[in-house]
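Nothing in this text is a laboratory measurement; each read-out follows from the coordinates by a stated rule. Keep in mind that what you see is a predicted model, and the values were worked out from it rather than measured. All Cβ positions, glycine included, derive from the backbone under ideal geometry; neighbour counts span all protein chains shown.
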Amino acid sequence: MVMEKTDTLVIGAGQAGIALSEHLSQLDVPHLVLERQRIAERWRSERWDSLVCNGPAWHDRFPGLAIADVAADAFAAKEQVADYLEAYARHFKAPIRTGVEVTRVTRNSGRPGFTVETSAGLIEAQRVVAATGPFQRPLIPAILPEQPGITQLHSAAYRNPQQLPAGAVLVVGAGSSGVQIADELHRACKKVYLSVGPHDRPPRSYRQRDFCWWLGVLGQWDAQKVQPGREHVTIAVSGARGGHTVDFRRLAEQGITLLGMTRDYAQGVMRFQPDLAANIAAGDANYLALLDAADAYIERNGLDLPPEPQARLIGPDPACVSHPVLELDLAAAGITTVIWATGFAVDYSWLQVDTFDDKGKPVHQRGISAEPGVYFLGLPWLSRRGSSFIWGVWHDAKFIADHISTQRKYQAYHAPEPVAPASTATAPA
Ligand SMILES: Cc1cc2nc3c(=O)[nH]c(=O)nc-3n(C[C@H](O)[C@H](O)[C@H](O)COP(=O)(O)OP(=O)(O)OC[C@H]3O[C@@H](n4cnc5c(N)ncnc54)[C@H](O)[C@@H]3O)c2cc1C
């Protein structure tokens with residue numbers, strides 16, 4: 001059987017696969033990118049309709065090409081991000097093949113490389129890069145059994161308020177997705193309950209600079225490890241409606257009922273941890289710490305950025321925080337929908353090589369896996385805090401492309417031909 005061959009096979013054509021393809025092209029590494037659906041599919045069909053980027057357009061993009069029709073300080077809509085990534089791939093003629101799913105990758109035995117089974121046949125590759133996304137499989141905790149009268153969906157399946165049945169909504173999880181969905185539903189005149197866990201909530205902007213800028217100059221995007229104990233701390237930011245600071249007190253004032261972490265459910269009643277006030281206070285402390293760090297940076301560098309004392313005003317705790325609801329009878333509260341904004345897991349069942357721990361998590365160092373020739377790209381904290389974001393994946397892609405190029409040079413090495421010793425024989429007469 002004739003098998004198609006390539007040097008490096010990249011699986012997934014989201015921002016990670018495209019960034020890697022650009023760097024591999026620069027280094028003349030022959031490669032192919034396979035995408036099971038369309039380029040940047042998740043931005044097209046796995047996000048809610050009104051989603052805009054959490055970072056401004058000058059930040060959430062690759063170098064060398066601006067996002068069309070979006071002002072530098074504005075927030076691109078999800079379709080504009082997808083169009084941008086497609087345009088980016090076109091601009092350097094990325095070798096992307098869409099509509100091809102990779103179903104199995106195994107290491108060759110007795111020869112280098114990998115055999116890749118796809119929906120369009122077999123491919124042999126010397127290296128494979130899994131760029132299949134940081135957020136692959138929606139996670140819903142096993143708390144609420146399926147039952148008539150309550151629709152349960154993950155934030156990845158939420159599209160818009162009209163999609164939901166009449167009635168109140170419980171949104172579980174108050175990271176960027178949960179908090180934006182709760183806000184949108186409240187604005188659509190739904191009664192909303194929002195279960196809030198530990199979170200960071202940086203100011204949208206402070207002293208005329210966006211928080212993306214502050215995290216950049218303060219070196220916080222480059223943090224290499226999650227601080228112990230903060231593994232489950234989410235970030236609550238929003239670019240919606242021109243961008244604003246997420247302020248849980250304001251959401252409560254507007255009518256959203258805040259709750260602590262969702263604990264369990266029995267006989268029609270959902271129960272919540274008594275941790276709401278602590279979670280809100282820790283979020284405030286995180287917010288104020290960033291203002292402090294920003295002030296110190298301005299002072300140290302003598303920057304002319306106007307003071308913003310009103311940013312430090314934090315209102316009193318709303319009633320739902322000072323007297324938290326710990327139990328909620330879902331029927332009595334009129335709740336007909338529960339939206340789980342509770343995160344995602346990865347799924348590498350198709351990648352059958354020896355580089356996963358006993359929980360199925362990839363074992364790697366900055367994306368270079370324990371199995372030589374296998375790479376991961378786009379995962380949260382792959383090398384730093386920014387790794388799963390558009391701008392961050394660019395730098396990780398460069399590192400991996402350099403590693404691949406270097407490995408190719410080692411593999412192309414041939415010992416020089418031995419030089420024949422100078423002859424002592426006399427030439428025939
Ligand atoms: C709600 C939400 C909002 C976000 N907002 C921002 C933001 O504002 N700014 C920012 O920088 N980041 C944001 N992110 C984070 C990140 O930028 C996105 O998750 C982004 O989609 C990740 O890109 P990726 O290329 O790593 O993975 P993905 O976009 O997930 O791309 C992976 C691709 O691989 C394909 N694929 C998967 N399995 C296979 C297979 N077996 N064979 C072939 N193809 C396969 C998929 O179809 C997909 O197209 C957001 C994430 C979420 C969930």
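Of 365, 400, 323, which is farthest towards the positive pole of segment 279-429's charge dipole, taken about the Cα centre with +1 and -1 on the beta-carbons of Lys, Arg and Asp, Glu respectively?
In segment 279-429, that residue is 400.
At 1.306 mPa s and 10 °C, plugging the Kirkwood radius over alpha-carbon pairs of segment 354-418 into Stokes-Einstein gives what diffusion coefficient in µm²/s?
In µm²/s, the coefficient rounds to 121.
How big, on average over all directions, is the shadow cast by the Cα convex hull of segment 119-189, in nm²?
8.1
In the calculated pair distance distribution of segment 139-340, what percentage of Cα-Cα distances lie above 25 Å?
When all Cα pairs of segment 139-340 are counted, 40 percent exceed 25 Å.
Using only the Cα atoms of segment 317-429, what do you get for the radius of gyration and for Dmax, in Å?
When restricted to the Cα atoms of segment 317-429, Rg and Dmax are 29.2, 115 Å.
Run the dipole for segment 6-103 about the Cα centre, Lys and Arg Cβ at +1, Asp and Glu Cβ at -1, nothing else charged, and hand back the magnitude in debye, nearest 20. Don't skip to the answer; put the middle values down first.
Numbers: 10 positive and 14 negative charges, 29 e Å.
Computed about the Cα centre, the dipole is about 140 debye.
What list of ³J(HN,Hα) values in whole Hz, one per residue of segment 5-18 in order, does the Karplus curve 6.51 cos²θ - 1.76 cosθ + 1.60 (θ = phi - 60°) give from phi, with Gly and Pro shown as x?
Along segment 5-18, the couplings run 10, 8, 6, 10, 9, 9, 10, x, 10, x, 4, 5, x, 5 Hz.
From the gyration tensor of the Cα coordinates in segment 66-209, what semi-axes in whole Å does the equivalent ellipsoid have, largest first, with each one equal to sqrt(5λ)?
Details: eigenvalues 287, 127, 50 Å².
For segment 66-209, the semi-axes come out at 38, 25, 16 Å.
Among 226, 116, which comes first, then next, by fewest other beta-carbon atoms within 10 Å?
Ascending number of Cβ neighbours within 10 Å: 226, 116.
If you place +1 on the Cβ of every Lys and Arg and -1 on the Cβ of every Asp and Glu, how big does the dipole about the Cα centre of the chain come out, in debye to the nearest 20?
320
Quick one: which residues, 5 or more positions from residue 356 or on another chain, have an amide H under 5 Å from its amide H? H modelled 1.01 Å from N in the peptide plane, none for Pro or chain starts.
When sequence neighbours closer than 5 places are left aside, the close amide H contacts are 363.
Please give the length that would be gained between residue 417 and residue 143 if that part of the chain were fully extended, namely 0.36 nm times their separation in residues minus their C-alpha to C-alpha distance (nm, one decimal).
Value of the extension gain: 91.8 nm.
Compute the Rg to Rh ratio over segment 1-148 from the alpha carbon atoms, using the Kirkwood formula for Rh, and round to two decimal places. Before the final figure, lay out the partial values.
Numbers: Rg = 17.9 Å, Rh = 17.0 Å.
Rounded to two decimals, Rg over Rh is 1.05.
Could you work out the relative contact order of the chain, using alpha carbon pairs under 8 angstrom and six or more residues apart, expressed as a whole percent?
Relative contact order comes out at 21 percent.
Calculate, in whole percent, how much of the Cα-Cα pair population of the chain lies beyond 29 Å.
53
Can you pull the semi-axes for segment 49-115, root of five times each eigenvalue of the Cα gyration tensor, sorted largest first, whole Å?
35, 14, 12
Treating the beta-carbon of each Lys and Arg as +1 and of each Asp and Glu as -1, no other charges, what is the dipole magnitude of segment 139-340 about its Cα centre, to the nearest 20 debye?
340
Charges on Cβ only, +1 for Lys and Arg, -1 for Asp and Glu, centred on the Cα centroid of the chain; of 30, 350, 53, which one is farthest towards the dipole's positive end?
Among 30, 350, 53, the one farthest towards the positive end of the dipole of the chain is 30.
Can you give the relative contact order of segment 222-286 as a percent, counting alpha carbon pairs under 8 Å and 6+ residues apart?
In percent, rounded to a whole number, it is 18.
Pairs of alpha-carbon atoms within less than 8 angstrom and 6+ residues apart define the contacts here; what relative contact order does segment 139-340 have, in percent?
33
Just to check I understand the Karplus step: with θ = phi - 60° and J = 6.51 cos²θ - 1.76 cosθ + 1.60, what whole-Hz values come out for segment 60-72, glycine and proline as x?
Result, ordered by residue: 8, 7, 8, x, x, 8, 7, 7, 4, 6, 10, 4, 4 Hz.
Show me, for segment 84-93, the HN-Hα J-couplings you get by feeding each phi into the Karplus relation (A = 6.51, B = -1.76, C = 1.60, θ = phi - 60°), rounded to Hz, glycine and proline as x.
4, 5, 5, 5, 4, 4, 5, 5, 10, 6
Which of the residue pairs 359/409; 5/225; 190/361; 361/409; 5/361; 191/359 have a Cα-Cα distance greater than 32 Å in the structure shown?
Too far apart for the 32 Å limit: 359/409; 5/225; 190/361; 191/359.
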